[in-house]
Amino acid sequence: MEYPHTYIPDHDVPRTSPVFQHIVDTYASETNKLASVWQELQDHQLDFRPHARSSSLRQILIHQILSERRFFAEFIGLSEPPPESLLPPEEAASVRGYIERLVTLARARLPPLAGADQAFWLTEVPFFDVRRQRIWVFWRRVLHTAHHRAQVGVCLRILEDRVPATYGPTADVTWTGADPTTTLDAARRAQP
């Protein structure tokens, strides 16, 4: 699958042990997917919220950047920049400003993630009120990011904008060879 925007190309993803390469590859890929979804937003839409009790799009983008830093600093134990330096400097930052901060922060995390060994990943660390292995915390972060990416995707659909493909085609983006499983016959393909 080719994405129209690649923010962290494969050649910029550091290599590590084959056992843990999926961590840095996944983090770069998820950052690319998230930034591609954010790229579909327009600046004037950032204060949109689908319901009075929902977060605005701007609040979701801010939360993503701030909470990702918290996960990597507090729970995983990476050296992270101070919280005051995370967000774009403008009060009403542009979509581009949020994407640039997201990608810059993610790029800086790739080398320490690639440099971590098995002992690092399997060490239990505090995670809110429990203890979990760092690798578990990392995957929880990936799921947390996917959750917020989906929130933005739903808002894009409500705003009647294009929803980009992330793991497969959407109503707006498909390609030759895309083979979605939307029928019982498609689900039976791998049965003996």
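Here are the numbers for the structure shown:
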{"read-out": "Three semi-axes of the equivalent ellipsoid, region 1-113, Cα gyration tensor, whole Å, largest first", "value": "26, 17, 12"}
{"read-out": "Nonlocal amide H pairs with GLN133, under 5 Å, H built at 1.01 Å", "value": "VAL125"}
{"read-out": "Dipole magnitude (debye, nearest 20) for region 1-47, charges at Cβ of Lys, Arg, Asp, Glu", "value": "240"}
{"read-out": "Alpha-carbon centroid distance for the pair region 128-151 / region 65-104, whole angstrom", "value": "16"}
{"read-out": "For region 7-152, accessible area per residue (1.4 Å probe, heavy atoms of protein chains only), Å²", "value": "50"}
{"read-out": "Karplus (6.51, -1.76, 1.60) ³J(HN,Hα), θ = phi - 60°, over region 48-57, in Hz, Gly and Pro reported as x", "value": "5, 9, x, 7, 4, 8, 7, 6, 6, 4"}
{"read-out": "Span per principal axis, largest first, for the Cα atoms of region 16-78 (Å)", "value": "46, 26, 16"}
{"read-out": "Hz values of 3J(HN,Hα) by residue in region 105-119 - Karplus curve (6.51, -1.76, 1.60), Gly and Pro given as x", "value": "5, 5, 4, 5, 7, 4, x, x, 5, 5, x, 6, 9, 4, 4"}
{"read-out": "Proximal charge balance of ILE8 [Cβ under 12 Å; K/R count +1, D/E count -1]", "value": "-1"}
{"read-out": "Derived scalar couplings ³J(HN,Hα) [region 25-33; Karplus, 6.51 cos²θ - 1.76 cosθ + 1.60; whole Hz; x for Gly, Pro]", "value": "4, 5, 4, 5, 5, 5, 5, 4, 5"}
{"read-out": "Share of carbon and sulfur in the accessible heavy-atom surface of the chain [1.4 Å probe, %]", "value": "53"}
{"read-out": "Signed unit charges on C-beta, dipole axis of region 1-138, positive-most listed residue VAL19, THR31, ILE62", "value": "VAL19"}
{"read-out": "GNM result for the chain, Cα springs below 10 Å: residue of GLU91, GLU40, GLU100 fluctuating most strongly", "value": "GLU91"}
{"read-out": "Whole-number percent relative contact order across the chain, with pairs defined as alpha carbons under 8 Å at least 6 apart", "value": "25"}
{"read-out": "Difference of contour (0.36 nm per residue) and Cα-Cα distance, SER85 to ASP179", "value": "29.5 nm"}
{"read-out": "Structure-based [θ]222 nm, the chain - -39500 (n - 2.57) summed over DSSP H runs of at least 4, per residue, nearest 500", "value": "-15000 deg cm²/dmol"}
{"read-out": "Structure-derived Kirkwood radius over Cα pairs in Å - corresponding label in [x] 17.2; [y] 18.2; [z] 20.1", "value": "[y]"}
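The values are calculated or read from the model by the stated rules, or taken from the named source; none is laboratory data. Since the model is a prediction, treat every value here as computed from it, not as a measurement. No Cβ is skipped: glycine too gets one built from the backbone with ideal geometry, and neighbour counts run over all protein chains shown. Remember, those area values only see protein heavy atoms, side chains included, never the ligands or the DNA or RNA. Shrake-Rupley method; radii C 1.70, N 1.55, O 1.52, S 1.80 Å.
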